[in-house]
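Everything on this sheet refers to the single structure shown next.
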Amino acid sequence: MTRVERYLVPRTIAEAAGGLRDGNVTIFAGGTDLMPQSKSGKAKFGTCLMNIRRIGELRGIKRTASGFSIGALTTITDLRDSPEIKVGFPALWRASDHFASDQIRNAATIGGNLANASPAGDTLVPLLVFDARVVLVSRPNGALQTRTIPMTEFLVGPGKTSRRPDELLTAVEMDAPPPGFTSRFFKFGTRPALDISTISIGLGAVRDGEKLRNVRVAIGAAAPTPIRAPHVEEALEGKVVDGATIAAAVSAADCDIRPISDLRASEWYRHELVHNMLERMLSDVGHG
Amino acid sequence: MSATVDIAFTLNGVETSIRVPVTMSALEMMRDALGLTGTKYGCGEGECGACTILVDGATVNSCLLFAVDCDGRDVVTIEGLAANPLGERLRASFVEHGAVQCGFCTPGFVMQSHHVLTKSPHADAEEVRRGVEGNLCRCTGYKKIVEAISAAERVG
Ligand SMILES: Cc1cc2nc3c(=O)[nH]c(=O)nc-3n(C[C@H](O)[C@H](O)[C@H](O)COP(=O)(O)OP(=O)(O)OC[C@H]3O[C@@H](n4cnc5c(N)ncnc54)[C@H](O)[C@@H]3O)c2cc1C
Ligand code: FES
Ligand code: FES
């Protein structure tokens, strides 16, 4: 294990960004990923450990001109308790409700879920549905620099993001969805609580009479990162959700996903799960 | 050895200061450094809830919490519920309903159900079940635990 030589507790974003400039820094928020990963040897501490939990500016859900900004330290419990999230972003609310356990939800932050970038990270799937943007702040030479990038650019691979080591993830932003936009999230695990998703699906669309418009589909744990499913979206866009459309959408999923076999499920089983769960969700939408 | 840091926090109502290694968990601090062994080490990875403590009024798994993050906060362990009315009712109800067998999971269940009933005093069985979904019991089969928690409002 690396020897941690320094411990930093910044109070502001500027202070944290300054501290990150010095290189080998490990950030922690809730610790629910970092603590077990460091104990198992999967994650190694840098020479400096930075506790970002005292940065008040990183907490809370704020209204912006175009929608909402969710601070990195917002916990899963905060999301689950938020009427704005429940009403405006039901897929994100559902993902928070199905997340781990009360004790973990009270500690786990949305920033940690994003930065950890697990292919099974549960908030990532709805955030993809809402075309969320990740806000990264650094302080290369005195002045603060902000980089705002789409989720699809942020997520690079399992546990890999395009965040530079000198950047702090400060928030995730979402535009208010178009009028009439409804969204759902479905997570499949082998037990009801405390389960890492075997697969998960997020679905959002505007219902235009019988047809779906502005269709957005995201799938978790079926590729190296949670992904948008453009082929499925195309198969649904502007269509009446009948048996033929559902069948086309389900087979289109094979063009989007690239599941692996691991201890939770085989590649074959994940294909089956995506097919069956997508079919079930779409039939439900067709009837609802 | 990693760096150590001096921290100060309220532990079960008492101002406490201690020097801890920065990589230590709050669970290790409670049991090994402070001698409060009511908080149990079950899995060490967030799966069983035996290590549940209250920090600023919300329950967390102390095995996942960095000890240094307790600095400046209000921390309550099972020892701190000894003289607490709801804690007392919960304990009595667990005994009355036969919800304790080996007892290893009990401190975690009492901490978590204390939190559930504080947030929602008239929680129904379903709310109780959802509330304690992060706590495992290898002995009782949960039925008696859920009954004990649901009845705690009326016991005593
Ligand atoms: C038992 C158990 C069950 C779980 N169940 C689920 C589940 O159902 N769904 C799910 O998605 N996850 C689950 N997780 C994983 C974990 O709880 C989440 O990923 C959580 O959101 C991580 O947040 P945290 O604040 O605890 O992160 P931490 O552990 O503090 O940090 C995680 C990583 O992100 C980095 N980091 C954190 N914040 C920032 C920031 N602001 N800027 C830059 N880097 C940062 C850290 O350096 C670290 O690498 C579970 C974990 C456990 C132990
Ligand atoms: S010991 Fe902490 S959850 Fe099991
Ligand atoms: S009583 Fe033995 S683990 Fe619950």
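The values are calculated or read from the model by the stated rules, or taken from the named source; none is laboratory data. None of the values given here were measured: they were computed from a predicted structure. Please note: Cβ atoms are built from the backbone with ideal geometry, for glycine as well, and neighbour counts cover all protein chains shown. These area figures cover heavy atoms from the full protein model, side chains too; ligands, DNA and RNA do not enter into them. Shrake-Rupley method; radii C 1.70, N 1.55, O 1.52, S 1.80 Å.
For the range A:23-53, which residues satisfy the criterion of being part of a loop (DSSP other than H, G, I, E, B) and within 8 Å of another protein chain (Cβ to nearest Cβ)? Before the answer, list the steps.
Residues of the range A:23-53 part of a loop (DSSP other than H, G, I, E, B): A:23-24, A:29-33, A:41-47, A:52-53.
A:30, A:31, A:32, A:45, A:53, listed by residue number.
Filter the range A:81-97 down to the residues that are in contact with a Phe, Trp or Tyr (Cβ under 9 Å, 6 or more places away or on another chain) and surrounded by 20 or more Cβ atoms within 10 Å (Cβ to Cβ), then identify the one that is nearest to residue B:56 (Cα to Cα). Step by step, filter the range A:81-97, then rank; the result is A:82. For the range B:99-131, filtering for residues that are out of contact with any Phe, Trp or Tyr (no Cβ under 9 Å at 6 or more places or on another chain), within 20 Å of residue A:97 (Cβ to Cβ) and either of a type in the set (Lys, Arg) or in a loop (DSSP other than H, G, I, E, B) (or both) leaves 5.
When residue B:40 is tested against (1) touching a Gly at 6+ places or on another chain (Cβ under 7 Å); (2) open to solvent by 30 Å² or more (accessible area, probe 1.4 Å); (3) not in a loop (DSSP other than H, G, I, E, B), just one condition goes unmet, and that condition is (3).
Among B:128, B:95, B:68, B:132, which is open to solvent by 20 Å² or more (accessible area, probe 1.4 Å) and either within 11 Å of chain A (Cβ to nearest Cβ) or of a type in the set (A, V, I, L, M, F, W, C) (or both)? Walk me through it before giving the result.
Working: B:128 fails: open to solvent by 20 Å² or more (accessible area, probe 1.4 Å); B:68 fails: open to solvent by 20 Å² or more (accessible area, probe 1.4 Å); B:132 fails: open to solvent by 20 Å² or more (accessible area, probe 1.4 Å).
Answer to the check: B:95.
From the list B:128, B:146, B:110, the one residue that fits, being modelled with pLDDT of 95 or more, touching a Ser or Thr at 6+ places or on another chain (Cβ under 7 Å), among the β-branched types (Val, Ile, Thr) and in the same structural domain as residue B:88 (by TED's automatic domain parsing), is B:128. Residue A:267 meets the conditions (1) open to solvent by less than 60 Å² (accessible area, probe 1.4 Å); (2) at pLDDT below 95 in every case but one. The failed one is (1).
Being more than 14 Å from chain B (Cβ to nearest Cβ), modelled with pLDDT of 95 or more and in a helix (DSSP H, G or I) narrows it down to one residue among A:70, A:85; which is it?
On the way: A:70 fails: in a helix (DSSP H, G or I).
Unique residue meeting the criteria: A:85.
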